[in-house]
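Here is the structure we will look at.
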Amino acid sequence: MNLFADAFAWLFSPDRLEGPYSLQTLLTQHLLYSIVSVAVAAAIAFPVGWLIGHTGKGREIAVAISGAARAVPSFGLLVLLVLVLGVVRTPLAAVITFVLLAIPSLLAGAYTGLEAIDRRVIDAARAMGMTEWQIFTRVELPLGMPLLVGGLRSALLQVIATVTIGAYVNLGGLGWPIIQGIPLRRFDQVLGGAILVAALALIVDLLLALAQRAAVPHGVRVQQPADSTTSSRARRVASAPA
């Protein structure tokens, strides 16, 4: 327990709020790399995932690419890109690494959200004369939004955890106290940094869990039992009176 007490004492020391490595500066750096990387990954993965989910084509290729991307060690890729691009382009190397890490979860959330919708709902929309764009925007996207937010939730948590290793290549972030504290045997600092990363991840997870719940269409949320699937939700929407 003394180590935890020392860690919290380190966290709440006035010194932590001063200088270029203050906690607020490190937190800003951590969030900046996380948000930018996930935003870039979303711009790539969401359109591709929606296209796969809407057309039903290319799923096998997407699964293969996602599996290969998950197998790449993030730390090794980061160091390799730093060596290839040069030290002056370390931030670019880091963003590329984190983007590649985030794409599989975002891609899976995008196409599985559309695939999970009962095909009879889509057929009914086409029978009503909706265009493909109207089907996507008015039927598929709202019903697939919960799984899409779930993919975003998973991707952002993975990136937040992985940005910690960016301190190895002098990117700052909340991993800096951990990386600096290990060779100095400052275990209070190491634990304090780990607590900060864990707290950030828990807060983001809670916020996105609430967003995922809110993403469920109101009519579906009212009618569905707690253990229903997305397909059963879609069937209820299709059979509900106008």
Could you list, in sequence order, all residues of segment 130-141 that are acidic (Asp, Glu) and crowded, with 17+ Cβ neighbours inside 10 Å?
-> 140
What residue, of 116, 102, 127, is of a type outside the set (Asp, Glu) and crowded, with 24+ Cβ neighbours inside 10 Å?
-> 102
Looking at segment 37-60, is at least one residue open to solvent by less than 60 Å² (accessible area, probe 1.4 Å) and under 17 Å from residue 168 (Cβ atoms)?
-> yes
Return yes or no: is residue 22 touching a helix residue (DSSP H, G or I) at 6+ places or on another chain (Cβ under 7 Å) and at pLDDT 85 or above?
-> yes
Just to be sure, is residue 27 modelled with pLDDT of 85 or more, open to solvent by 60 Å² or more (accessible area, probe 1.4 Å), closer than 30 Å to residue 11 by Cα and not aromatic (Phe, Trp, Tyr)?
-> yes
Could you tell me which of the residues 105, 66, 34 is touching a helix residue (DSSP H, G or I) at 6+ places or on another chain (Cβ under 8 Å) and either over 18 Å from residue 160 (Cα atoms) or of a type in the set (Phe, Trp, Tyr) (or both)?
-> 66
Is there a residue in segment 174-182 that is under 18 Å from residue 17 (Cα atoms), open to solvent by less than 50 Å² (accessible area, probe 1.4 Å) and in a loop (DSSP other than H, G, I, E, B)?
-> yes
Within segment 183-219, residues being not in a helix (DSSP H, G or I) and not charged (D, E, K, R) number 3
Residue count for segment 142-164, restricted to those that are more than 17 Å from residue 206 (Cβ to Cβ) and open to solvent by 40 Å² or more (accessible area, probe 1.4 Å) | 3
Just need a number here: residues in segment 183-197 that are open to solvent by 30 Å² or more (accessible area, probe 1.4 Å) and under 28 Å from residue 209 (Cβ atoms).
-> 4
Answer yes or no as to whether residue 108 is in a helix (DSSP H, G or I), farther than 28 Å from residue 179 by Cα, without any contact (Cβ under 8 Å) to a residue 40 or more places away in the chain and open to solvent by less than 30 Å² (accessible area, probe 1.4 Å).
-> no
Residues within segment 84-99 that are farther than 22 Å from residue 47 by Cβ, hydrophobic (A, V, I, L, M, F, W, C) and open to solvent by 40 Å² or more (accessible area, probe 1.4 Å), tallied = 5
For segment 1-82, which helices (runs of 4 or more DSSP H) that fit wholly inside it have 1 or more residues that are touching a residue at least 60 places away in the same chain (Cβ under 8 Å)?
-> 2-11, 23-55
Have a look at 202, 196 and point out the one that is touching a Leu at 6+ places or on another chain (Cβ under 6 Å) and either among the small types (Gly, Ala, Ser) or at pLDDT 85 or above (or both).
-> 196
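The values are calculated or read from the model by the stated rules, or taken from the named source; none is laboratory data. Bear in mind the structure is a predicted one, so any value in this text is a computation, not a measurement. Virtual Cβ from ideal backbone geometry, glycine too; neighbours counted across all protein chains shown. Quick note on the areas: whole protein, heavy atoms, side chains included, nothing else; ligands and nucleic acids left out. Shrake-Rupley method; radii C 1.70, N 1.55, O 1.52, S 1.80 Å.
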